[in-house]
Amino acid sequence: MALTDEEKNKIIEEEKLRLKIRLKYEQKSSGLSGVLSTICPGLGQIYNGQLGKASFIGLSIIISIVLLSLGITFWVKGVPQKGEKVGLTEEKQVEMTEEGVVIEEEKTEKNQDKKESKPKSPYILTILGVVGLCYTWNYAVKDAVKTSQKLNEQAIKEL
């Protein structure tokens, strides 16, 4: 039984309509994936179905935040010396005269040695934290947009 030209055209039109509907629901929005990654790096990758990449990005963000936090903490509190206990609240007694004048400590050789072997500032931790945070966040957004566009192109080629 052969189909007429009308029946063939009707079937082709119905298939085109099904294809448009299918593409609409299968396509990933590159804008939405970019916004999700901007809000929280890795969410765009989860939206695109890339859970491994999302966990790697999340781990990179956490490490960068820890490095940045340590750098800022060491700037504020100072870098601990070898053998020095690190405490959250370290109070030092200050001796004063009756008039309220602070009595200065006598400088000993031990104090002078400590000042000479002053530890380096924690610039490297802060820089690594900021650079890692900015780079990873930027990568997450760009990758989410690019990946969603590639997924859409693949879906169109498959159909």
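Readers should treat all values here as calculations from the given coordinates under stated rules, not as data from a laboratory. The structure presented is a predicted model; accordingly, all values stated were derived computationally and were not measured. Heads up, the Cβs are rebuilt from the backbone with ideal geometry, glycines too, and the neighbour counts pull from every protein chain shown.
Worth pointing out:
- Packing-based order for 71-78, 134-141, 11-18, using average beta carbon neighbours within 10 Å, highest first: 134-141, 71-78, 11-18
- Fully extended contour minus Cα-Cα distance, from residue 63 to residue 13, at 0.36 nm per residue: 12.6 nm
- Volume of the convex hull of the range 1-49 (Cα atoms only), normalised per residue: 66 Å³.
- Extension reserve of the residue 154-residue 142 stretch, reckoned as 0.36 nm per residue once the Cα distance is removed: 2.5 nm
- Between residue 127 and residue 77, the modelled labels are 2.4 nm apart [label points 7 Å from Cα along Cα→Cβ].
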